[in-house]
1. Checking the structure you have, find out if any residue of the range A:65-77 is open to solvent by 40 Å² or more (accessible area, probe 1.4 Å), over 30 Å from A:LEU204 (Cβ atoms) and either free of Cβ contacts under 8 Å to residues at least 60 places away in the same chain or not aromatic (Phe, Trp, Tyr) (or both).
2. Mind checking which residues of the range B:194-203 are open to solvent by 40 Å² or more (accessible area, probe 1.4 Å) and under 16 Å from A:TYR58 (Cβ atoms)?
3. State all residues of the range B:50-89 that are of a type in the set (S, T, N, Q) and within 11 Å of chain A (Cβ to nearest Cβ); if no residue qualifies, say none.
4. Go through the range A:87-111 and give me each residue that's surrounded by 15 or more Cβ atoms within 10 Å (Cβ to Cβ) and farther than 18 Å from A:PHE173 by Cα.
5. For the range A:9-21, give me each residue that is assigned to a loop (DSSP other than H, G, I, E, B) and either surrounded by 13 or more Cβ atoms within 10 Å (Cβ to Cβ) or touching a helix residue (DSSP H, G or I) at 6+ places or on another chain (Cβ under 6 Å) (or both).
6. Just give me the residues in the range B:158-183 being surrounded by 15 or more Cβ atoms within 10 Å (Cβ to Cβ), more than 14 Å from chain A (Cβ to nearest Cβ) and not hydrophobic (A, V, I, L, M, F, W, C), in sequence order.
7. Would you call B:GLU146 over 27 Å from B:GLY125 (Cα atoms), open to solvent by 80 Å² or more (accessible area, probe 1.4 Å) and either hydrophobic (A, V, I, L, M, F, W, C) or within 14 Å of chain A (Cβ to nearest Cβ) (or both)?
8. For A:PHE110, are the conditions met, namely being in contact with a Leu (Cβ under 6 Å, 6 or more places away or on another chain), more than 30 Å from A:LYS44 (Cβ to Cβ) and more than 10 Å from chain B (Cβ to nearest Cβ)?
Protein chains: 2
Amino acid sequence: MEIPLGRYRRAPGSDTDLVSIDPAETGPFPPNGEGRKAARKLLKRQRDRLEALQRLLYADGSQALLAVFQAMDAGGKDGTIRRVMTGMNPQGVRVTSFKAPTEEELAHDFLWRINRALPRKGMIGVFNRSHYEDVLVVRVKGLVPEPIWRRRYDQIDAFERRLVETGTAVAKFYLHISKEEQRERLQARLDDPEKHWKFDPADLKERSRWNDYLAAYQDAMARCNSEFAPWYVVPANHKWYRNVVIAQVLIDTLEGMGLNYPDPDFDPAAVCIDG
Amino acid sequence: MEIPLGRYRRAPGSDTDLVSIDPAETGPFPPNGEGRKAARKLLKRQRDRLEALQRLLYADGSQALLAVFQAMDAGGKDGTIRRVMTGMNPQGVRVTSFKAPTEEELAHDFLWRINRALPRKGMIGVFNRSHYEDVLVVRVKGLVPEPIWRRRYDQIDAFERRLVETGTAVAKFYLHISKEEQRERLQARLDDPEKHWKFDPADLKERSRWNDYLAAYQDAMARCNSEFAPWYVVPANHKWYRNVVIAQVLIDTLEGMGLNYPDPDFDPAAVCIDG
């Protein structure tokens, strides 16, 4: 079953109208229990493939992969990372969650803490939120003057270009949910005592700025979307479809990196291990 | 089936004679295909339990867990981390592999780089090699004068005591394999082109110092083994038994930490989410 990744990948230089993209779409799968079952089966196979590719990336040791996850609150960043990445060797994956910057981070430019968290060669780096917050929440809440955040689009673009040119593949995901889906997920957090800790009443204030965030996302995708560090808008109302889309992007990205098991610099046949 | 963890946990202040411990033992499991099958089934259940406990640790947010893995070459550190930790959310687990120290690391004391890699609250930190290398390879190869490495035992003990007292549980594992088992595993790396990159001819030199390493491990276990940061000698010839022993130690350690889902500082019933 072919997942239409071309539809979700934003072409460089193109505009994105998020309102026109259906967050509930399920691609080639029927949007019901049967589709979910088929997608879960596919995800299992994808995880095996990802595990093998991650081992190869590690052995190859000359390149890295950075996966960036952005979404509205309750958009599914945590769940995606858990479901898609869980089959991988944690030794080869490093997840960084970016929260409100610390005093030390604020004493540097906005990409300083991002730079520190970049994956080393052989590794997969996963960002739960990222430098894009500096043109999203920072813009919507007016945390810095407009001329400053406006300059950041080019700064981010140059930063990502450097990463790609020096051996780190970059894939950026916007987990696209509807406002109604967000309502249901926030309510679910309120209804389950084991999820109370995930609910922050301040999230409701952000929810009221939904359209401002959509506009900020659209600008980020238009301005920071080079050929080699593409944005994917992932329909994410259905978690099971979201997961297989993201897994497939990661697989395709890794397969396109030209990874190889390195040749030894000794002759394996000539080595003798004493008993 | 009860795994005899008491047998593997080194009592504080006691001496350890590694030669007298059978690396091929399999506890309550028969050492055959049937035992392996039963252990793998158990590991699946343990992984589910570990995933739930890791989520609780993260939600609780007031404590951390540090798991330290040490072994001879080919002792199974990488494989253990892959097999035991793979079911956990990579967002809550951070693996650090300590290799030969960099110039910057050498410009600081030996615990500086360890300190930087400690897990933050809510996280599980996994060390693939650790500060113990500074009383193992450093001692065996004579990389620093004896008075310096001799002082390190107390320094490590004080460091770990601080960790435990300030909310980081510590569990230390020595993966115990026989010298013959090491020979077979190194040979397997030579025989498989996809594993050549894992073989380093220099490992054979270390192998020739087997008994020196055993003595150094025994001293480390005697000198740095407080009640709260215990050493476990894990029979590791059989990977499937090794995995269930380590998973069980991690489960018991997490269960003993008194973790709770935090109470919200708002009234969930009073929150209303607008449509």
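1. The initial filter retains those residues of the range A:65-77 that are open to solvent by 40 Å² or more (accessible area, probe 1.4 Å), namely none.
So far as the range A:65-77 goes, no, none of its residues is open to solvent by 40 Å² or more (accessible area, probe 1.4 Å), over 30 Å from A:LEU204 (Cβ atoms) and either free of Cβ contacts under 8 Å to residues at least 60 places away in the same chain or not aromatic (Phe, Trp, Tyr) (or both).
2. The initial filter retains those residues of the range B:194-203 that are open to solvent by 40 Å² or more (accessible area, probe 1.4 Å), namely B:194-195, B:197-198, B:200-202.
B:GLU194, B:LYS195, B:TRP197, B:LYS198, B:ASP200 - these are the residues of the range B:194-203 that are open to solvent by 40 Å² or more (accessible area, probe 1.4 Å) and under 16 Å from A:TYR58 (Cβ atoms).
3. At the first step, the residues of the range B:50-89 found to be of a type in the set (S, T, N, Q) are B:54, B:62-63, B:70, B:80, B:86, B:89.
Scanning the range B:50-89 gives B:GLN54, B:THR80, B:THR86, B:ASN89.
4. If the condition is that a residue be surrounded by 15 or more Cβ atoms within 10 Å (Cβ to Cβ) and farther than 18 Å from A:PHE173 by Cα, then A:GLY87, A:MET88, A:ASN89, A:PRO90, A:GLN91, A:GLY92, A:PRO101, A:GLU105, A:PHE110, A:LEU111 are the ones that fit.
5. Of all residues in the range A:9-21, those assigned to a loop (DSSP other than H, G, I, E, B) come to A:10-17, A:21.
Scanning the range A:9-21 gives A:ARG10, A:PRO12, A:ASP15, A:THR16, A:ILE21.
6. B:GLU160, B:ARG161, B:THR168, B:LYS172, B:TYR174, B:HIS176
7. Numbers: over 27 Å from B:GLY125 (Cα atoms): yes; open to solvent by 80 Å² or more (accessible area, probe 1.4 Å): yes; either hydrophobic (A, V, I, L, M, F, W, C) or within 14 Å of chain A (Cβ to nearest Cβ) (or both): no.
No: the conditions fail for B:GLU146.
8. Details: in contact with a Leu (Cβ under 6 Å, 6 or more places away or on another chain): no; more than 30 Å from A:LYS44 (Cβ to Cβ): yes; more than 10 Å from chain B (Cβ to nearest Cβ): yes.
So A:PHE110 does not fit the description; no.
The values are calculated or read from the model by the stated rules, or taken from the named source; none is laboratory data. On a predicted model such as this, the values are computed, not experimentally measured, just so you know. Heads up, the Cβs are rebuilt from the backbone with ideal geometry, glycines too, and the neighbour counts pull from every protein chain shown. Each accessible area value is taken on the protein alone, full model and side chains, heavy atoms only, with ligands, DNA and RNA left out. Shrake-Rupley method; radii C 1.70, N 1.55, O 1.52, S 1.80 Å.
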